[in-house]
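**Q** Mind looking over this structure? Questions follow.
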Amino acid sequence: MKREALAAGSLMLAVLAGAAAISAATDTPAGTTIYGCENVRHGLVRVIPAAGGCKRNERALQWNERGPQGEAGPAGPKGDPGPAGPQGDASVASIGSLAGSACTTFDGASGKVAVDVTATDLITLTCEATTAPPAGPSTLVLNEIDYDQPGADTGGFVEVKNIGSSAASLDGIAVVLVNGDDGAEYARKALTGTLAPGAYVTVDVDAQNGPDGVALFDTAAAKLLDALAYEGATASATIGGGTYPLVEGTILPATVADSNTEDGSLIRSPDGKDTNDAAADWVFSTTKTPGAANVFTP
Ligand SMILES: [Ca+2]
Ligand SMILES: [Ca+2]
Ligand SMILES: [Ca+2]
Ligand SMILES: [Ca+2]
């Protein structure tokens, strides 16, 4: 009988302990210890708020109510809206004003913004690559010549410029110096490589004092590209078996010539100007600019 009574007491303890645990789980902060007192005679258990409150006929008990963590609960309600953001840049007056703005395409090409608004107010901004204008022809001209220096003539040059809008191949192109007396070629300097639009190439050559001529000649096509007759007319030059006039338009007056007393050169002015009229295109300048844009200094 005593054994059964103990068993019943244990059952009661278990039930009461379960009730206490539920109560503690509700009222006690998670992770704290629950304290109780068991009546040694009846097996009754009471929960006390802290350790040390049991009577003489009670046995102190303690246990922790915290079990393994359960699954996460459902999401909570939506929070309050955040504070208003700073004011935006007001430089864009309208969506339409974005049209034509500079942009970069997905492929990395520079382009301009195109704006499209549909009937349903759907706005589409597209960066359209800027298509480069088709390249024009290359145009090589004689641009500057220094053939006379104060005293002995040395260190002369002929400058060639590409005034076209695309690169020019110089292969097969030559600067040809022509004697004014008989129109015969007396020197030739072959060019090679490529000349970018707007670029210059300088040939070191000491051309004769005039009346003489200089020609820019395409030897492959047997074609005169540009010419200058200075200090007199070189009306007919013999180059590569053909004959070519070296006077463009109005002959350059003999007073417009390189100098034996003043340092300088004959230049196209403004730089690169070629109207095929020598008197209008060429001047004497006391500023020499081999390989660079011409500068007119009287
Ligand atoms: Ca001289
Ligand atoms: Ca000179
Ligand atoms: Ca010309
Ligand atoms: Ca120059």
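The values are calculated or read from the model by the stated rules, or taken from the named source; none is laboratory data. In this text, all values refer to a predicted model and were calculated from it rather than measured experimentally. In this analysis, Cβ positions are derived from the backbone assuming ideal geometry, glycine residues included, and neighbour counts consider all displayed protein chains.
**Q** Residues Lys288, Lys223: which one is of a type in the set (Lys, Arg) and more than 16 Å from ligand 1 (Cβ to nearest atom)?
**A** Numbers: Lys288 fails: more than 16 Å from ligand 1 (Cβ to nearest atom).
Among Lys288, Lys223, only Lys223 is of a type in the set (Lys, Arg) and more than 16 Å from ligand 1 (Cβ to nearest atom).
**Q** Being within 13 Å of ligand 3 (Cβ to nearest atom), without any contact (Cβ under 8 Å) to a residue 60 or more places away in the chain and not hydrophobic (A, V, I, L, M, F, W, C): is that true of Pro245 here?
**A** Yes: the conditions hold for Pro245.
**Q** Tally up the residues in segment 173-199 that are closer than 14 Å to Asp226 by Cβ and under 47 Å from the mean Cα position of the chain (by Cα), please.
**A** Of the residues in segment 173-199, 7 are closer than 14 Å to Asp226 by Cβ and under 47 Å from the mean Cα position of the chain (by Cα).
**Q** A follow-up question, please. Taking the condition of being out of contact with any helix residue (DSSP H, G or I) (no Cβ under 8 Å at 6 or more places or on another chain) and within 16 Å of ligand 4 (Cβ to nearest atom), how many residues in segment 201-229 meet it?
**A** At the first step, the residues of segment 201-229 found to be out of contact with any helix residue (DSSP H, G or I) (no Cβ under 8 Å at 6 or more places or on another chain) are 201-227.
If we keep only those that are within 16 Å of ligand 4 (Cβ to nearest atom) too, we end up with 201-205, 207, 214, 216, 226.
Total satisfying the criteria: 9.
**Q** On to the next question. Among the numbered criteria (1) buried (at least 21 other Cβ atoms within 10 Å of the Cβ); (2) in contact with an Asp or Glu (Cβ under 7 Å, 6 or more places away or on another chain); (3) not in a strand (DSSP E or B), which single criterion is violated by Glu159?
**A** Result: Glu159 fails condition (3) only.
**Q** Does Ser265 meet the test of being within 16 Å of ligand 4 (Cβ to nearest atom), at pLDDT 95 or above and over 18 Å from Asp153 (Cβ atoms)? Break it down into steps so the answer makes sense when it comes.
**A** Details: within 16 Å of ligand 4 (Cβ to nearest atom): yes; at pLDDT 95 or above: yes; over 18 Å from Asp153 (Cβ atoms): no.
So Ser265 does not fit the description; no.
**Q** Separate question: For Ala235, indicate whether it is more than 16 Å from ligand 1 (Cβ to nearest atom), over 47 Å from the mean Cα position of the chain (by Cα) and of a type in the set (A, V, I, L, M).
**A** So Ala235 fits the description; yes.
**Q** Output the strands (runs of 3 or more DSSP E) that fall wholly within segment 181-298 and possess 3 or more residues being within 16 Å of ligand 2 (Cβ to nearest atom), or say none.
**A** Where strands (runs of 3 or more DSSP E) fall fully within segment 181-298 and carry at least 3 residues being within 16 Å of ligand 2 (Cβ to nearest atom), they are 200-204, 265-268, 282-285.
**Q** If Lys78 meets every condition in (1) assigned to a strand (DSSP E or B); (2) modelled with pLDDT of 85 or more apart from one, which number is that one?
**A** The single condition Lys78 does not satisfy is (1).
**Q** Quick one: what pairs do we get from segment 50-63, first residue among the polar types (S, T, N, Q), second assigned to a strand (DSSP E or B) and surrounded by 10 or more Cβ atoms within 10 Å (Cβ to Cβ), C-beta under 9 Å, 6+ apart or different chains?
**A** Asn57/Asn39; Gln62/Thr33; Gln62/Ile34; Gln62/Tyr35; Gln62/Gly36
**Q** Can I ask one more? State yes or no: is Val205 touching a Lys or Arg at 6+ places or on another chain (Cβ under 6 Å), within 16 Å of ligand 1 (Cβ to nearest atom) and of a type outside the set (Phe, Trp, Tyr)?
**A** yes
**Q** May I pose another question? Filter segment 136-156 down to the residues that are away from ligand 4 (no atom under 14 Å from the Cβ), touching a residue at least 40 places away in the same chain (Cβ under 8 Å), farther than 12 Å from Leu225 by Cβ and surrounded by fewer than 23 Cβ atoms within 10 Å (Cβ to Cβ) and list them by number.
**A** Correct list: Gln149, Pro150, Gly151, Asp153, Thr154, Gly155.
**Q** Thr275 versus (1) surrounded by 15 or more Cβ atoms within 10 Å (Cβ to Cβ); (2) in contact with a Gly (Cβ under 9 Å, 6 or more places away or on another chain): which is the lone unmet condition?
**A** (1)
**Q** Only one residue in Asp116, Asp107, Asp153 is closer than 30 Å to Asp263 by Cβ and either of a type outside the set (A, V, I, L, M, F, W, C) or modelled with pLDDT of 95 or more (or both). Which one?
**A** Result of the check over Asp116, Asp107, Asp153: Asp153.
**Q** Further question on the same structure: Against the condition within 16 Å of ligand 4 (Cβ to nearest atom) and not hydroxyl-bearing (Ser, Thr, Tyr), how does Asp271 come out, does it pass?
**A** So Asp271 fits the description; yes.
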